[in-house]
There are 2 protein chains.
Amino acid sequence: MDKKEVKVMQKILNMNDKIAEELREELSKKNILFINLMSSPGSGKTTIMERTAHEFGTKMCVIEGDIQTTLDAERVAKAGIQTYQINTGPFGGDCHLESGWIKSAMEEIEMADLEIIFVENIGNLVCPAEFDVGAHVNAVVLSVTEGEDKPLKYPLAFQNSQLCIISKTDLLPYLDIDINVIKENIKKVNPKMEVIELSAKSGEGFQSWFDFLKRS
Amino acid sequence: MDKKEVKVMQKILNMNDKIAEELREELSKKNILFINLMSSPGSGKTTIMERTAHEFGTKMCVIEGDIQTTLDAERVAKAGIQTYQINTGPFGGDCHLESGWIKSAMEEIEMADLEIIFVENIGNLVCPAEFDVGAHVNAVVLSVTEGEDKPLKYPLAFQNSQLCIISKTDLLPYLDIDINVIKENIKKVNPKMEVIELSAKSGEGFQSWFDFLKRS
């Protein structure tokens, strides 16, 4: 690559960060908390959103990011809350969301009664962590089925986030997984990270998550 | 983006494809089967490699792709087979492997007794599917814990592969997942895809996998 290209790339990244910073400030002024959920595919983000919608109702809204389909948005919308779907498929199948997408989605949102906006990022534990979408809180959802070593193998997602939700804890009795090892590995890559354990199936641990949202 | 950049990007992609094609031909001449395993993080690829190594022994070798750590290579190497670790972390944390990486790794491999080379790609259901690494068979590993909708949401990985290994079937009794719906969704995005169901914990289904490898 020659210098010219690197320069262009820098410009694109800066534009992402600039829009992200503006979004964060705008939402802070409106007293709306913006949370960016990142994870591997199938960690349980959408099910967590469904349960959370039953607690917060129309005070929250969800922006779903997927390469294809509106399946997740349809699931969450059933809870009667504002839901938006971003599909990156028609735009090259991007593997992450950028702040420009979120800004466009936010322009469609009716903000008056909102207290929390969630973004469910593309299911990908690598690329989304590289892009600031303007959230106040970045949260990684890690299913216990994914194994103990994931924080060590995908450190950036954990380093660029403030919260880790360890999900699907109801499956622990059927796995050769020690949740304490997962937590030790999280601390190794991000000692300050807050950790919440929950099961979207049984509902266990959700009170801690709701408490986190209320005090954030 | 201006035209110049698009041109450069095209050049990079072509170089990847050119090296991939050369690798595939070279291994065909040597009667070595090259399989590229792609999946989300924590789908069970490494455990499948461990069990497969106990069947094929030194006839197989594994190239592990990870952003960070040599944990997977250390696990597989315990089976007494040739194992190589590619870490993309020091090179920008690339979210996928390209054929150039594989070519470099292959130069280190002692090929004389080999019948199969596996690449365990970076745990990411999105980006690796875009890059031909020179394999004869691309295989997606999908854990039943990831949910029924993943083939629809991440179609490229399924469209660019010939085989889907549905893993962790031992967990089905504890999930609200119908494996037939997973298989229907696979057929929707890739009607020709071969599907093998297995559990690396119980060993169930591994004979089908070994049979697939022996006839490929």
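Numerical summary
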{"read-out": "Normalised contact order of region B:2-215, rounded percent, pairs of Cα under 8 Å and 6 or more residues apart", "value": "23"}
{"read-out": "Max mean-square fluctuation residue, GNM over chain B, Cα-Cα springs under 10 Å, options B:108, B:55, B:22", "value": "B:108"}
{"read-out": "Pairwise label distance in nanometres, residue A:204 with residue A:28, each label 7 Å out on the Cα-Cβ vector", "value": "3.9"}
{"read-out": "Shape category assigned to chain B from the gyration tensor of Cα positions, a/c cut at 1.5", "value": "oblate"}
{"read-out": "Distant-in-sequence amide H partners of residue B:85 (H built 1.01 Å from N, under 5 Å)", "value": "B:64"}
{"read-out": "Cα gyration tensor shape of region B:111-173, rounded if a/c is under 1.5, else prolate or oblate by comparing a/b with b/c", "value": "oblate"}
{"read-out": "Assigned charges on the beta-carbon of Lys, Arg, Asp, Glu; the protein assembly as shown dipole about Cα centre (debye)", "value": "340"}
{"read-out": "Pairwise centroid distance, computed over Cα atoms, of region A:99-141 with region B:120-189, Å", "value": "26"}
{"read-out": "222 nm mean residue ellipticity, helices alone, for chain A (DSSP H n ≥ 4; -39,500 (n - 2.57); rounded to 500)", "value": "-12000 deg cm²/dmol"}
{"read-out": "Dipole magnitude (debye, nearest 20) for region B:7-98, charges at Cβ of Lys, Arg, Asp, Glu", "value": "140"}
{"read-out": "Listed residues A:148, A:21, A:110, most fluctuating in chain A (Gaussian network, C-alpha, under 10 Å)", "value": "A:110"}
{"read-out": "Cβ-defined net charge surrounding residue A:23, 13 Å radius [Lys, Arg +1; Asp, Glu -1]", "value": "-3"}
{"read-out": "Entries of A:103/B:187; A:168/A:188; A:78/B:192; A:45/A:150; A:187/B:150; A:59/A:103 with Cα pairs more than 25 Å apart", "value": "A:103/B:187; A:78/B:192; A:187/B:150"}
{"read-out": "Point-charge dipole on Cβ atoms (K/R +1, D/E -1) for chain A, about Cα centre, debye to 20", "value": "400"}
{"read-out": "Table column - 3J(HN,Hα) (Hz), region B:191-199, Karplus curve with 6.51, -1.76, 1.60, x for Gly and Pro", "value": "x, 8, 5, 7, 10, 10, 9, 7, 10"}
{"read-out": "Charge context of residue A:138, other residues only, Cβ under 15 angstrom, K/R +1, D/E -1", "value": "-4"}
{"read-out": "Fewest-first ranking of B:60, A:38, using other Cβ atoms within 10 Å as the exposure measure", "value": "B:60, A:38"}
{"read-out": "Tensor-based shape of region B:138-216 (alpha-carbon gyration tensor, a/c under 1.5 rounded, otherwise prolate or oblate)", "value": "oblate"}
{"read-out": "Top of A:84, A:154, A:174 by mean-square fluctuation, Gaussian network on chain A, Cα under 10 Å", "value": "A:174"}
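Every number here is computed from the coordinates shown, using simple stated rules; none is lab data. What you see is a predicted model; the values in this text were computed from it and never measured. Backbone-built Cβ (ideal geometry, glycine too); neighbour counts: all protein chains shown.
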